[in-house]
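Each remark here refers to the structure printed beneath this line.
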Amino acid sequence: MAFSPITDLVNWRLSSRIPRLQYMREQPVAAQEQVFRELMAAAALTDYGKAHGLTAATTYAEYAARVPIVNYDKLYPWIERSMRGEANVLWPGVTKWFAKSSGTTAAKSKFIPVSRESLEENHFKVGRDLLAFYAEQVPDSQLYDGLSLRLGGSSKINELNEHSYYGDLSAIMIDNLPMWASWRSTPSHDVALMDEWEAKIEKIAQQVARQNVTSLFGVPSWMLVLLRRVLEIRGETTLEAVWPKLELFVHGGVAYTPYEASFAAILPAATRRLETYNASEGFFAVQDALDADGMLLMLEHGIFYEFIPVSAFNGSDSRAIPLSEVQLGTNYAVVLNTNGGLWRTIVGDTVEFTSVAPYRILITGRTRLFINAFGEELMIDNAERAIAEACRKTGALVDEYTAAPWLAPAGEAGGGHDWLVEFQTPPYSLDAFGAALDTALKAANSDYEAKRYKDLVLQSPRIHAAPLGTFHNWLKSKGKLGGQNKVPRLMNDRSLINELLAASC
């Protein structure tokens with residue numbers, strides 16, 4: 001085992017968190033109850049809490065009865081007051097930071113309040129605990145003897161008024177990084193906060209191509225773009241020759257499955273991967289074990305979770321349940337109560353629990369991003385796995401894709417799905433790719449399989465190959481390059497795919 005004094009010292013410090021994290025895994029309901037009590041004590045000091053009769057002694061049953069489930073639009077008037085500098089609106093004191101969120105390509109941006117508590121007790125604390133989990137499993141790690149490459153958003157901090165500021169969450173975090181997080185990070189802050197995404201990618205690539213990078217943190221789609229540029233600069237085909245000590249890739253934001261083969265072709269064989277579930281609203285879950293099926297829900301980090309079964313989802317009129325009532329094999333919409341000042345807010349993601357001892361989840365999709373034109377209930381998780389299987393069977397590598405339904409002409413029954421796919425490596429046959437995709441979707445989704453019976457309702461998927469750069473150029477045209485921005489994978493209408501099909505001609 002190599003002697004690594006810097007990493008050994010850091011890991012020794014991180015190890016102090018393991019007993020508490022083990023308690024969280026073994027006593028999840030108690031951990032959530034403690035968070036709920038802390039949140040009620042804070043809510044009682046706010047205008048929102050007072051408007052709903054909340055006190056430090058409010059029980060969960062009382063809270064659920066008094067406080068409505070809301071989407072962002074319903075909460076926005078309160079957020080707007082906070083943005084103007086009013087104190088004690090959604091969270092005690094003045095909220096200085098607001099994360100500008102546009103995870104999909106919707107034109108309207110969201111401004112998520114980010115309190116000092118949510119930065120320190122959620123975002124930074126979960127990041128530190130992720131590294132504690134890793135250190136526990138990899139005692140011979142040399143992670144901190146090199147640099148951590150962090151690929152964040154493309155927005156600098158902007159002044160809203162004399163009281164508050166907004167930007168990508170990653171920009172807010174960079175501006176507030178504790179010493180332990182900035183100490184061994186790259187690129188430099190001035191480059192990390194650049195606005196223009198393409199110039200930023202080039203600057204980062206030039207800066208890191210000859211550094212000793214030992215870990216990667218970022219969204220797979222954009223990280224792949226950066227790594228390919230690094231390989232071009234160095235004239236290499238794999239990162240083994242560029243960063244021989246690269247040992248960890250931490251990713252989130254989009255599913256890794258469609259990009260797995262592309263990364264396998266360039267990452268050093270020994271590189272380990274950990275998935276995270278991190279958003280502007282909070283850092284929710286991390287893969288606590290290298291071989292874990294799903295991500296561990298972080299339960300003592302300033303967020304109290306509620307869940308709505310997707311089968312009964314009716315927006316703000318839904319009934320939510322606490323963590324203790326969830327079951328395996330059910331898709332749930334996530335409802336958040338956070339130390340940033342979000343109260344019973346629908347985040348828009350759907351998850352499924354892979355374990356309840358401890359509580360581990362998979363992200364299955366979005367409450368809006370799915371296809372159900374024919375009763376097939378096709379979720380993103382189904383699509384990601386099917387795309388990966390079709391690639392495996394046909395030798396293809398997929399960079400991006402989106403899908404939407406098409407309907408038969410008036411007077412005729414049925415229809416199907418159009419898939420617009422941008423291939424880094426094309427399949428040996430588009431027909432074979434479509435057939436493999438169809439077979440995998442049937443295996444993953446019984447509703448889809450039933451609707452595909454003898455083509456009576458749902459016909460075979462139609463595959464359209466998009467020229468390289470189609471999705472990148474479309475995002476650029478919308479001013480959405482970089483960070484968490486991405487094209488929705490599945491849409492229940494054709495507005496997006498029609499625009500992309502026209503752009504790919």
Quick count over the range 27-55, residues being without any contact (Cβ under 8 Å) to a residue 40 or more places away in the chain, hydrophobic (A, V, I, L, M, F, W, C) and surrounded by 14 or more Cβ atoms within 10 Å (Cβ to Cβ), is 4
Could you please give the count of residues in the range 247-272 that are among the hydrophobic types (A, V, I, L, M, F, W, C), assigned to a loop (DSSP other than H, G, I, E, B) and farther than 12 Å from Leu216 by Cβ? 5
Complete set of residues in the range 352-384 that are without any contact (Cβ under 8 Å) to a residue 40 or more places away in the chain, among the aliphatic types (A, V, I, L, M) and either assigned by TED's automatic domain parsing to the domain that holds Val67 or assigned to a strand (DSSP E or B) (or both): Val356
Selected residue (criterion: farthest from Phe284 (Cα to Cα)) from residues of the range 124-140 that are in contact with a helix residue (DSSP H, G or I) (Cβ under 8 Å, 6 or more places away or on another chain) and surrounded by fewer than 23 Cβ atoms within 10 Å (Cβ to Cβ): Pro139
If a residue has to be out of contact with any Asp or Glu (no Cβ under 7 Å at 6 or more places or on another chain) and under 24 Å from Ala199 (Cα atoms) to count, how many in the range 113-165 make the cut? 7
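What residue, among those in the range 225-238 that are part of a helix (DSSP H, G or I) and over 22 Å from Ile174 (Cα atoms), is nearest to the chain's Cα centre (by Cα)?
Filtering the range 225-238 for residues part of a helix (DSSP H, G or I) gives 225-234.
Subsequent filtering for residues that are over 22 Å from Ile174 (Cα atoms) retains 228-234.
Details: Arg228: 22, Arg229: 24, Val230: 24, Leu231: 26, Glu232: 28, Ile233: 29, Arg234: 30 Å.
Per the stated criteria, the residue is Arg228.
Of all residues in the range 159-182, how many are modelled with pLDDT of 75 or more and of a type in the set (Phe, Trp, Tyr)? Step through it out loud before you land on a result.
Taking the range 159-182 as the starting set, the residues that turn out to be modelled with pLDDT of 75 or more are 159-177.
The next check asks that each one be of a type in the set (Phe, Trp, Tyr); those that pass are 165-166.
Residues in the range 159-182 being modelled with pLDDT of 75 or more and of a type in the set (Phe, Trp, Tyr): 2 in total.
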Just to check your reading of the model, which residue among Val421, Val398 is buried (at least 17 other Cβ atoms within 10 Å of the Cβ), β-branched (Val, Ile, Thr), without any contact (Cβ under 8 Å) to a residue 60 or more places away in the chain and in contact with a helix residue (DSSP H, G or I) (Cβ under 9 Å, 6 or more places away or on another chain)? Val421
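If only one of Gly479, Gly434 is under 29 Å from Trp222 (Cβ atoms), in the same structural domain as Ala396 (by TED's automatic domain parsing), without any contact (Cβ under 8 Å) to a residue 24 or more places away in the chain and among the small types (Gly, Ala, Ser), which one is it? Before you say what the answer is, go through the steps one by one.
Working: Gly434 fails: without any contact (Cβ under 8 Å) to a residue 24 or more places away in the chain.
Just one listed residue meets the conditions, Gly479.
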Among Leu342, Leu328, which is the only one that is modelled with pLDDT of 95 or more, surrounded by 21 or more Cβ atoms within 10 Å (Cβ to Cβ) and assigned to a loop (DSSP other than H, G, I, E, B)? Leu342
Regarding Asp455, is this residue under 18 Å from Arg366 (Cβ atoms) and in contact (Cβ under 8 Å) with a residue 24 or more places away in the chain? no
Can you find, within the range 1-26, the residue that is farthest from the chain's Cα centre (by Cα) among those that are of a type in the set (S, T, N, Q) and surrounded by 15 or more Cβ atoms within 10 Å (Cβ to Cβ)? Ser4
Does Asn445 qualify as being surrounded by fewer than 21 Cβ atoms within 10 Å (Cβ to Cβ), under 27 Å from Gly253 (Cβ atoms), of a type in the set (S, T, N, Q) and within 27 Å of the chain's Cα centre (by Cα)? no
Sole miss for Phe374 among (1) over 19 Å from His464 (Cβ atoms); (2) at pLDDT 95 or above is condition (2)
So for the range 304-316 (the condition being in a loop (DSSP other than H, G, I, E, B), at pLDDT below 95 and closer than 27 Å to Leu130 by Cβ), does at least one residue qualify? no
Among Ile204, Ile157, Ile174, which is the only one that is of a type in the set (Val, Ile, Thr) and touching a Pro at 6+ places or on another chain (Cβ under 9 Å)? Ile204
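The values are calculated or read from the model by the stated rules, or taken from the named source; none is laboratory data. Note that the structure is predicted; figures quoted are calculated from it, not measured. A quick note on method: Cβ atoms are made from the backbone with ideal geometry, for glycine too, and the neighbour counts reach across all protein chains shown.
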